[in-house]
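Okay, structure first, notes after.
The values are calculated or read from the model by the stated rules, or taken from the named source; none is laboratory data. Everything numeric here is computed off the predicted structure, so don't read it as measured data. As a convention, Cβ positions derive from the backbone with ideal geometry for all residues, glycine included, and neighbour counts pool all protein chains shown.
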Amino acid sequence: MHIPTHIAIIMDGNGRWAKQRGLQRSEGHRAGTEAARAVVTRCRELGVRHLTLYTFSKENWSRPKDEIKTLFDLLTTFLKREEAGLKEQGIRLNVLGEIDDMPLAVRQVLRHVMRQTATCSEMTLNLALNYSGREEIVRAARNLAAKGVPPEAITEETFAAELWTGGQPDPDLVIRTSGELRLSNYLLFQSAYAEFYFTDIYWPDFTPSELDKAIEDLNGRQRRFGKTGEQVDNA
């Protein structure tokens, strides 16, 4: 089985998973955190070099305040609990998004764990937090303008270097759970040639074996990158 270099996941369906079971939405988010932990571990075992999880979007600020607090509490608890494990597995934590707009306690934990794992080199775990794909593109354009880069010197490569993912490869595979069939403002520039895998399974039920199925599905595809009749290796 060829393992993709970069997998990006839209972790969707926590609320519906909880509702289906007569539970509070917070329990769905709690179960989703455990699913994320298992998937991170599996990606590390498989040799995935980059994993990006859509954790909290700019649009999520419109959710009820109690739910937002629960999400941030779960995030800080997860990071504190997993810090040692990330270091042991050689996993570097990275954030895509505006950290400065996050609550103080969240910022402190994120920056602490990022410092502690900065030299880890086996895998990069990107958390898309307070993230917007469109704003990321606008930010990159503004950065280039601020640097005085002339228009003729702007290429896909120079532009990509200004994105939150600068220096990392584009995702080979984008997974979305819960049956929704859209990107939701996620990695818009980076996903130009990604393969997409949609599943009806709610995120808390997305197990490592489901991840394996998604990778096996990718292995059965022919990636062309816009080139007609030319097969490209999925590895």
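Points worth noting:
- Of the residues examined, SER178 is not one that is part of a loop (DSSP other than H, G, I, E, B) and without any contact (Cβ under 8 Å) to a residue 60 or more places away in the chain.
- The stretch 147-175: number of residues that are in a loop (DSSP other than H, G, I, E, B) and among the aromatic types (Phe, Trp, Tyr): 1
- Count of the stretch 44-54 residues, restricted to those that are under 19 Å from GLU83 (Cβ atoms), within 13 Å of the chain's Cα centre (by Cα) and surrounded by fewer than 23 Cβ atoms within 10 Å (Cβ to Cβ), is 1.
- Residue match in the stretch 110-126 (condition: of a type in the set (A, V, I, L, M), assigned to a helix (DSSP H, G or I) and touching an Asp or Glu at 6+ places or on another chain (Cβ under 6 Å)): yes
- Taking the criterion of being hydrophobic (A, V, I, L, M, F, W, C) and in contact with a helix residue (DSSP H, G or I) (Cβ under 8 Å, 6 or more places away or on another chain), the residues of the stretch 71-97 that qualify are LEU71, PHE72, LEU74, LEU75, PHE78, LEU79, LEU86, ILE91, LEU93, VAL95, LEU96.
- Test: residue in the stretch 141-150 that is among the small types (Gly, Ala, Ser), closer than 20 Å to THR52 by Cβ and at pLDDT 95 or above: no
- Once the stretch 55-67 is narrowed to residues that are in contact with a Gly (Cβ under 9 Å, 6 or more places away or on another chain) and touching a residue at least 60 places away in the same chain (Cβ under 8 Å), the residue that is surrounded by the most Cβ atoms within 10 Å (Cβ to Cβ) is THR55.
- Within the stretch 10-43, being of a type in the set (Gly, Ala, Ser), surrounded by 19 or more Cβ atoms within 10 Å (Cβ to Cβ) and more than 15 Å from THR207 (Cβ to Cβ) holds for GLY15, ALA18, GLY28.
- Residue within the stretch 89-97 that is farther than 22 Å from LEU211 by Cα, out of contact with any Cys (no Cβ under 6 Å at 6 or more places or on another chain), of a type outside the set (A, V, I, L, M, F, W, C) and part of a helix (DSSP H, G or I) present: no
- Residue check for ILE91: under 20 Å from LEU183 (Cα atoms), among the aliphatic types (A, V, I, L, M) and in contact with a Lys or Arg (Cβ under 8 Å, 6 or more places away or on another chain): no
- Selection within the stretch 110-150: residues that are more than 18 Å from ILE99 (Cβ to Cβ), among the hydrophobic types (A, V, I, L, M, F, W, C) and without any contact (Cβ under 8 Å) to a residue 24 or more places away in the chain. The member of this set that is surrounded by the fewest Cβ atoms within 10 Å (Cβ to Cβ) is ALA146.
Rundown of residues vs (1) closer than 24 Å to GLY15 by Cα; (2) of a type in the set (D, E, K, R), yes/no style:
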position	(1), (2)
ALA35	yes, no
LEU46	no, no
TRP61	yes, no
GLU83	no, yes
GLU135	no, yes
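- Condition met for TYR197 (touching a helix residue (DSSP H, G or I) at 6+ places or on another chain (Cβ under 7 Å), modelled with pLDDT of 95 or more and over 26 Å from PHE72 (Cα atoms)): yes
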